[in-house]
Every structure is written in C-alpha cells, then in structure tokens.
Amino acid sequence: MPIAEEPSARAWLKLLRERLTPERMSHSVFTAEYLSSFAPSLGVDHGDAVTAGLFHDFYRDHEAASLWKEARKYRIIMSETQMREALLLHGPLAAEWCRRELDVSEEVYEAIYWHTTGRPGLGLLGQALFVADFAEPSRSFPEAEKARKLLRLEGFEAALLYVAEIRHAWIRLQAVVDPDTKAFLIWLKTRGNM
Ligand SMILES: [Fe+2]
Ligand SMILES: [Fe+2]
C-alpha cells in the first residue's frame, strides 16, 4: 500500500517539505515507501512503517549547536558520544518530536530514536528502519545495492546482518565511535535466531 493512502500522509509531507532539504525530503519518502513495502510482511503495522520512514531524519538538517540546544530543551540525557558528535542526536530528537506532536506508538518512537546506531533488543520496526534507511532505492552506493539484493533474494535477516556489519565497519573509521552500533551487531550475531 503506497504511503499516500495513509490518512495523515498529505499533511505530513507538507510538514516535511517545509523542514527538510529537497535531498533529505526525497530520501525520507523513499525510506517510507521502501520500509512500508517489506515491513508489513514481518508483522509491522503499515502506518507505523510510513511514519517512521517519513520522520526518522526530521532533525537531520539541523546544525550541531541547534541539536544540542533542542536536546537540552527536550531533557534528553546525552551520552558521551552525543556530547562530542551532535549528529548522533538527530534520531532521539526526531523521536521526541514525534511523540509530542504526533502521539506516535512506542514502536515508532523506538525505531526513530535508534535508527542511526541500532541497539541490543531493538524491535522489529527499528530493525526494518535500520535496513530501509541504508538501502532505500535512491541510495546508489554498491553496499546499498547489495543490501536490496539480499532482502529480495535471501530475506530480511540476511539483509539486516549485512547492513549492521557494513555500518559497524564504516563507523569504526570515524572520529567519534558510538558503542551502540557494535553492541547491536554483536546482539544480532548472538541472539540465536539468525
Ligand atoms: Fe538519520
Ligand atoms: Fe535517513
């Protein structure tokens, strides 16, 4: 079912268009479309998939100073890595905003909150958003192409593990390494149902 059929989609797209750059807007719509194309088969609510996809990057175009300021306003307890790398706050801030303004479900809140790093115990919608954000069809890098192919041919678990491994490998090269990405990968590899 396309995202336009969700009752609030029209108003939400207007909100997103006012807030995001055209590139981010496009990525958000692609993420929502892609996520809602496969997540319902995992048992995730279609409306939740659309909401999480559309709003996951709602704070992604904010400057660092603004992210830290908003986090203080929302009383988000910042980790050491978030205090050094403000961009890591864009998920938690979008989740908080969605909870206050859209009254989203706990599943949507959790998925958006953790979409950048993942975390051990992350729910199905969060896992699906983690894959969709990385592999939505407008992502043209070869790893995104491979993740889409894995999802198509080998299924969700294979795609999820691949995306978690790639993100972990990339994040290790960055100046600020958030421990949740590694913890998420270890959890996926050891949870026993892969
Ligand atoms: Fe993001
Ligand atoms: Fe994203």
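The values are calculated or read from the model by the stated rules, or taken from the named source; none is laboratory data. Computed from a predicted structure; not experimentally measured. For neighbour counting, all protein chains shown are included, and Cβ atoms are generated from backbone atoms with ideal geometry for every residue, glycine included. Surface accessibility is based on the protein's heavy atoms, side chains included, excluding ligands, DNA and RNA. Shrake-Rupley method; radii C 1.70, N 1.55, O 1.52, S 1.80 Å.
Before moving on, here are some points about what is shown:
- For the pair Val177 and Glu165, label points projected 7 Å from Cα toward Cβ lie 1.8 nm apart.
- Dipole magnitude of the chain about its Cα centre (Cβ charges: Lys, Arg +1; Asp, Glu -1), debye to nearest 20: 400
- Dipole-positive endmost among Gly53, Leu150, Leu188 within the chain (Cβ charges, Cα centre): Leu188
- Nearest-0.05 FRET efficiency for Arg17 and Lys149, computed from C-beta distance (R0 35 Å): 0.65
- The residues of region 19-110 expose on average 47 square angstrom of accessible surface per residue, using a 1.4 Å probe on protein heavy atoms.
- Calculated P(r) of region 81-194 - Cα pairs past 22 Å, %: 34
- Rg/Rh for the chain (Cα atoms only, Rh after Kirkwood) is 0.94.
- Note on region 72-131: Rg/Rh from C-alpha atoms, Kirkwood Rh, equals 0.96.
- Of all complete DSSP H helices in the chain, those with a Cα span along the helix axis of 18 Å or greater and a mean Kyte-Doolittle hydropathy of 0.5 or more are 156-171.
- The chain: Lys pairs at Cα distance under 24 angstrom, eight or more positions apart or on different chains: 4
- Taking a Cβ cut-off of under 9 Å around Ala39, the surrounding Lys, Arg, Asp and Glu residues balance to a net charge of -2, with basic ones at +1 and acidic ones at -1.
- Projected label points at Ile186 and Leu124, each 7 Å from Cα along the beta carbon direction, are separated by 2.7 nanometres.
- Residue-span extension gain [Glu101 to Glu5] - 0.36 nm each, minus C-alpha spacing: 32.5 nm
- Calculated [222 nm] ellipticity per residue, helices only, for the chain: -20000 deg cm²/dmol; basis is -39500 (n - 2.57) per DSSP H run with n ≥ 4, divided by all residues, nearest 500.
- Counting only protein heavy atoms and a probe of 1.4 Å, the accessible surface of the chain is 52% carbon and sulfur.
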